[in-house]
Amino acid sequence: MNVAVVIPDTSLETRARRVAAVAARQADAVDARACFPREAVDTMIAERLLGIQIPVSLGGEGAGFAEIAEVCSILGQACAASAMVFAMHHIKLSSLVEHGLESPWHTQFMRRIAAEQLLLGSATTEGGIGGNLRNSICAAEVAGGICRLEKDATVISYGDHADAILITSRAHADAVSTDQVMTVFLKDQYTLEKTHVWDTLGMRGTCSDGFLFRGVAPAEQIFPKPFAEIAAQSMLAASHLLWSGVWYGIAADAVARAQAFVRAAARKTPGTTPPGALRLAEVSTMLQTVRSNIVAGLKAYEEAKADPERLSSMGFSVAMNNVKLCSSETILAIVNHAMLICGIMGYKNGTPFSLGRHLRDVHSAQLMISNDRILSNVASMLLVHKLDNSLLG
Amino acid sequence: MNETIRGLLVKFGNLPVSVDQLQDDSDLYTAGLSSFASVQVMLGIEEAFDVEFPDTMLNRRSFASIAAIEGCVRLLTDREAA
Ligand SMILES: Cc1cc2nc3c(=O)[nH]c(=O)nc-3n(C[C@H](O)[C@H](O)[C@H](O)COP(=O)(O)OP(=O)(O)OC[C@H]3O[C@@H](n4cnc5c(N)ncnc54)[C@H](O)[C@@H]3O)c2cc1C
C-alpha cells in the first residue's frame, strides 16, 4: 500500500508515540476479538516505520537494533500485539538487511519495502518440528529457475495480512533436515489454506493462525546464504532483542499502572505510606534488571556486528539466549507483582489499573521458542564454552 | 589425527551419512552435523588430544569440515608443545 502522507520531520520516538496512541486505543478490542490491529499497523505505515531498518541508500533510514527495540518497547506499553507485529516484521527485515545486500533481487525488494511499506511475515515453525527452527521437513523444489514449496506452517503470525512471507525449508529434496534455505515469497506467489485458528490466552491480535502454505516463485528469491548462517548471525540476536523490547514494554506499562495505583493511594492519605509502596520498590528492581539485560544485549550485538565469526560464536549465542531467558521469565514475576499491588482493581477488566491483558500476553514469552529448548541449547554449549567472568565484558 | 577425528565423528557426530564417504573438505553441516552433536565431538577431541578449545575457536567455521577441525587441533597441539 502506498500511503501519500507528508510526515513532518520528527524523531523516531515521536513517530512511535503517535502509533502507540492509536494502538493503545484499540488494544482492548483487538485482544477481546482476537483481530489484527489494523489501525495501529496502518499508522505504522503512515509514519513509515516499516522501512526504518533499510539502508538510507535503498530508501530507508538505516536504524539499528537499539532504535528499533526502543520502538518495540514504546508500542509494547500500548498494545502487545501491535508491538509484536512490528517486532516480527523487523526480525524478518534484519535477515534481508544483513544477508540480502549481495543479491540483486533482495536489494531491489528492500527498495520496494521502503517505498511501499510492505509487511513481512515469517514461517519457520512446522508441523512435526515445532519450534526447532534449525530443522525442516519440507523441501524447496528448484527446477528451471523456479522454486516450489509446500509447508505445513502451524504458526504464521498475521499470515492473512502480510505482503510477503519469509519461509524456511530444506535446500532440496535430498538435503538433510539441517541443510536449510530461506526464501521470500510475495503475496501473489502463494496461497494459504487455514489449518488452525489462533484462539489463545494472550497475544491474540497477532492472529498467528496455522496454514498449509503453497508457493511458486523465481529461484533468485532464495537467500544466497544457508539459513544456518542467517539464523546464527542475525535472526537469533534480532529475535531475542526485539521480542525482549516488546516484553519490556508490557512489563513497564504494568509497573506504571501499579505506580499510579500506589500514588493515588498516597495522595488520599498524606503522611502514611500506602501498603503497595514496598512492593512497588521491589518490582522496580526487577524491571531495572530486565532493562539492563536488554541494553547489555544490544551493546553486545553492536560490538559483534561487524564480525561474522564473533556473531556465530558460542559466547554470543549464550549471551543472546540468556537475554531471552531472563526477560521472558522476569516479566511474568513483574506483572504478577503489579497485580498484587493493584489488587482487585488490577484483576478486573475495564479499570485504569487492569492487568489481565498484560498477564495473559506475557505468558507467551516463555513459549515463543520454548525456554526449555533454549536452556538445553545453552546447557550443551556450556560443556565447552567457558563463561566470561569480567564485569564489563 | 585424521583417523581419530573421523572415529569421533562416527561415534558422536550422529550423521545421516557414512563418515567414510566424506572428503576432508566436505561441509559437515550440509552433511547433517547438528550443533548438539558438534559439541559432543568437541568434547571427544578435547579428551583424545588433551587440549581445550579457546572461545575464539568455538564457532561454526572451526567445525565446518574434517580439515577445519584438524587445522584447529594442530594449532592447539603445536601451541601446547611450544
Ligand atoms: C505470539 C507468537 C507468535 C508466533 N509467531 C510465529 C510466526 O510468525 N512464525 C512462526 O514460524 N512461528 C511463530 N510462533 C511459534 C514459535 O516461534 C515457536 O515455534 C512455538 O511457540 C513453539 O511451539 P511448541 O511449543 O508447539 O513447540 P516445541 O518447540 O516443539 O515445544 C513443545 C514443548 O516440548 C518441549 N521441548 C521440545 N524440545 C525440547 C528440547 N530440545 N529441550 C527441552 N524441551 C523441549 C518444551 O518444553 C515445549 O514446551 C509464534 C509463537 C507465539 C507465541
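Quick one: how many residues across region B:55-66 are more than 10 Å from chain A (Cβ to nearest Cβ) and of a type outside the set (A, V, I, L, M, F, W, C)? Give the steps one after another, and end with the answer.
Of all residues in region B:55-66, those more than 10 Å from chain A (Cβ to nearest Cβ) come to B:63-66.
The next check asks that each one be of a type outside the set (A, V, I, L, M, F, W, C); those that pass are B:65.
So the answer is 1.
Matching residues to (1) within 12 Å of the ligand (Cβ to nearest atom); (2) assigned by TED's automatic domain parsing to the domain that holds A:L367; (3) assigned to a helix (DSSP H, G or I):
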residue: A:A175; (1), (2), (3): no, no, no
residue: A:G202; (1), (2), (3): yes, no, no
residue: A:R214; (1), (2), (3): no, no, no
residue: A:A217; (1), (2), (3): no, no, no
residue: A:L242; (1), (2), (3): no, yes, yes
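Within region A:163-202, the set of residues being within 14 Å of chain B (Cβ to nearest Cβ) and buried (at least 18 other Cβ atoms within 10 Å of the Cβ) comprises A:R170, A:A171, A:V176, A:T178, A:D179, A:Q180, A:V181.
Do you know which of the residues in region A:212-233 that are of a type in the set (G, A, S) and more than 14 Å from chain B (Cβ to nearest Cβ) is surrounded by the fewest Cβ atoms within 10 Å (Cβ to Cβ)? Break it down stepwise before answering.
If we filter region A:212-233 for residues that are of a type in the set (G, A, S), which is where we start, we get A:215, A:217, A:219, A:228, A:231-232.
Going one step further and asking which of them are more than 14 Å from chain B (Cβ to nearest Cβ), we end up with A:215, A:217, A:219.
Numbers: A:G215: 23, A:A217: 21, A:A219: 16.
Across region A:212-233, the extreme among qualifying residues is A:A219.
Consider A:L311 carefully, then state whether it is within 14 Å of chain B (Cβ to nearest Cβ), within 23 Å of the chain's Cα centre (by Cα) and either surrounded by 16 or more Cβ atoms within 10 Å (Cβ to Cβ) or among the small types (G, A, S) (or both).
Working: within 14 Å of chain B (Cβ to nearest Cβ): yes; within 23 Å of the chain's Cα centre (by Cα): yes; either surrounded by 16 or more Cβ atoms within 10 Å (Cβ to Cβ) or among the small types (G, A, S) (or both): yes.
Yes: the conditions hold for A:L311.
Does A:Q180 count as polar (S, T, N, Q), under 25 Å from A:E229 (Cα atoms) and either outside the structural domain of A:A29 (by TED's automatic domain parsing) or more than 10 Å from the ligand (Cβ to nearest atom) (or both)? Yes, satisfied.
Could you check region A:133-144 and list, in sequence order, the residues that are in contact with a Ser or Thr (Cβ under 9 Å, 6 or more places away or on another chain) and not charged (D, E, K, R)? Write out each step before concluding.
We begin by selecting, within region A:133-144, every residue in contact with a Ser or Thr (Cβ under 9 Å, 6 or more places away or on another chain); these are A:133-140.
Matches in region A:133-144: A:L133, A:N135, A:S136, A:I137, A:C138, A:A139, A:A140.
Among the residues examined, A:I374 qualifies as within 16 Å of the ligand (Cβ to nearest atom) and within 14 Å of chain B (Cβ to nearest Cβ). In this entry, A:D372 passes the filter for residues that are assigned to a helix (DSSP H, G or I) and either loosely packed, with under 14 Cβ neighbours inside 10 Å or not assigned by TED's automatic domain parsing to the domain that holds A:R263 (or both).
Residue by residue, here is whether (1) surrounded by fewer than 16 Cβ atoms within 10 Å (Cβ to Cβ); (2) more than 16 Å from the ligand (Cβ to nearest atom) holds:
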residue	(1), (2)
A:T272	yes, yes
A:V283	no, yes
A:V290	no, yes
A:A319	no, yes
A:S327	no, no
A:I334	no, yes
A:C342	no, yes
A:Y347	yes, yes
A:R360	no, no
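Of the residues in region A:377-393, how many are within 16 Å of the ligand (Cβ to nearest atom) and free of Cβ contacts under 8 Å to residues at least 60 places away in the same chain? Counting residues in region A:377-393 that are within 16 Å of the ligand (Cβ to nearest atom) and free of Cβ contacts under 8 Å to residues at least 60 places away in the same chain gives 3.
Here B:E52 meets the list (1) within 15 Å of B:L28 (Cβ to Cβ); (2) without any contact (Cβ under 8 Å) to a residue 40 or more places away in the chain; (3) within 11 Å of chain A (Cβ to nearest Cβ) almost entirely, failing just condition (1).
Scanning region A:234-252 for residues that are under 30 Å from A:A277 (Cβ atoms) and surrounded by 23 or more Cβ atoms within 10 Å (Cβ to Cβ) gives A:S244, A:G245, A:V246, A:W247, A:Y248, A:G249, A:I250, A:A251.
The values are calculated or read from the model by the stated rules, or taken from the named source; none is laboratory data. This is a predicted model, so every value here is computed, not measured. With ideal geometry, Cβ positions are generated from the backbone for all residues, glycine too; neighbour counts draw on all protein chains shown.
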